[in-house]
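Working notes for the structure below.
The values are calculated or read from the model by the stated rules, or taken from the named source; none is laboratory data. Small disclaimer: the values here were computed from a predicted structure and weren't measured. Heads up, the Cβs are rebuilt from the backbone with ideal geometry, glycines too, and the neighbour counts pull from every protein chain shown. Note: accessible area is taken over every heavy atom of the protein model, side chains too, but ligands, DNA and RNA are not part of it. Shrake-Rupley method; radii C 1.70, N 1.55, O 1.52, S 1.80 Å.
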Amino acid sequence: MLKDGEKGVIRQRGGENETYAIAPHIPCGVVNPDQLRKIADVAEKYNVPVLKITSAARIAIVGIKEEQVDGIWYDLGMDAGHATGLCVRSIKVCPGISYCRLAKQDSLKMGMELDEIYHGMVLPSKMKMGVSGCKIQCAENCIKDISLYGTQDGWTLMIGGNGSARPRLADILVEDLSFETAQAMVARVIDYYTKHSKRERMGRMVERIGLDAIQSDLKIN
């Protein structure tokens with residue numbers, strides 16, 4: 001019996017009919033035709049019951065047996081990604097200025113670069129991140145541990161959101177950041193979280209320490 005995260009699996013049913021799901025990493029949900037064909041071919045070859053588009057913009061291959069896992073990963077030839085565990089999960093991103101008339105900043109570029117740096121990074125607790133090109137926040141910034149959204153004047157960084165059993169709306173940490181400064185501030189926030197978290201989500205840390213204190217510690221005026 002495989003555990004959650006082992007070989008990239010997510011356990012589903014238990015008992016005699018135990019099944020698993022896997023979710024190949026698709027950075028920022030941007031997928032090409034070859035990847036889609038490969039997923040479809042694998043689903044047909046292994047008689048996969050369901051392909052499910054997840055809330056994190058992955059394509060989950062659902063309802064597979066333990067003995068199929070190795071073969072499916074081999075045939076896919078894709079990164080298993082990090083769908084479970086105490087780490088940075090897939091980064092949710094909106095289409096941004098390339099594909100949306102409402103966007104103010106290049107969320108796809110920002111998201112791709114953040115994904116390259118942080119996806120799978122081990123942290124005191126799980127972390128979800130989002131990047132939106134405007135205030136509408138299609139990447140659900142308000143329930144992400146760390147997120148950025150674009151305005152005419154730059155990037156706004158939010159922290160402390162989550163949509164768990166104890167939901168919490170994110171707080172604005174700092175506004176009007178340039179592209180490079182926004183990335184640098186994300187790095188500072190993650191470093192701060194790593195040093196100060198008590199194995200808790202970002203939002204619980206913000207509640208415990210206080211937003212004003214965190215802003216002061218990070219020297220945000």
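Side notes on the structure shown:
- For the stretch 44-98, taking the residues that are among the polar types (S, T, N, Q) and either assigned to a loop (DSSP other than H, G, I, E, B) or over 23 Å from the mean Cα position of the chain (by Cα) (or both), the one that is surrounded by the most Cβ atoms within 10 Å (Cβ to Cβ) is identified as S90.
- Residue count, the stretch 144-156 (criterion: surrounded by 24 or more Cβ atoms within 10 Å (Cβ to Cβ) and either modelled with pLDDT under 95 or not in a loop (DSSP other than H, G, I, E, B) (or both)): 6
- Pick from the stretch 190-206, criterion among the hydroxyl-bearing types (S, T, Y) and in a helix (DSSP H, G or I), ranking: surrounded by the fewest Cβ atoms within 10 Å (Cβ to Cβ): T194
- Cβ pairs under 6 Å, 6+ apart, first in the stretch 15-43 and farther than 17 Å from A57 by Cα, second hydrophobic (A, V, I, L, M, F, W, C) and open to solvent by 40 Å² or more (accessible area, probe 1.4 Å): A43/L51
- Condition check for I39: buried (at least 16 other Cβ atoms within 10 Å of the Cβ), in contact with a strand residue (DSSP E or B) (Cβ under 9 Å, 6 or more places away or on another chain) and assigned to a strand (DSSP E or B): no
- The residue pairs whose first member lies in the stretch 175-190 and is in contact (Cβ under 8 Å) with a residue 40 or more places away in the chain, whose second member is of a type in the set (G, A, S), and whose beta carbons are closer than 9 Å, counting only pairs six or more residues apart or on different chains, are F179/G154; A182/G154.
- In the stretch 115-136, the residues that are on the phi > 0 side of the Ramachandran plot reach residues that are in a strand (DSSP E or B) with C-beta atoms within less than 7 angstrom, at least six apart or across chains, in these pairs: G120/C87; G120/V88.
- Qualifying residue in the stretch 5-26 (condition: in contact with a Leu (Cβ under 8 Å, 6 or more places away or on another chain) and at pLDDT below 90): yes
- If you go through the stretch 99-143 and keep only what is part of a strand (DSSP E or B) and under 20 Å from G5 (Cα atoms), you end up with V122, M127, M129.
- Residues of the stretch 206-220 classified as touching a strand residue (DSSP E or B) at 6+ places or on another chain (Cβ under 9 Å) and either at pLDDT 95 or above or of a type in the set (F, W, Y) (or both), total: 6
- For the stretch 102-122, the count of residues that are buried (at least 22 other Cβ atoms within 10 Å of the Cβ), of a type in the set (S, T, N, Q) and over 19 Å from L211 (Cα atoms) is at least one.
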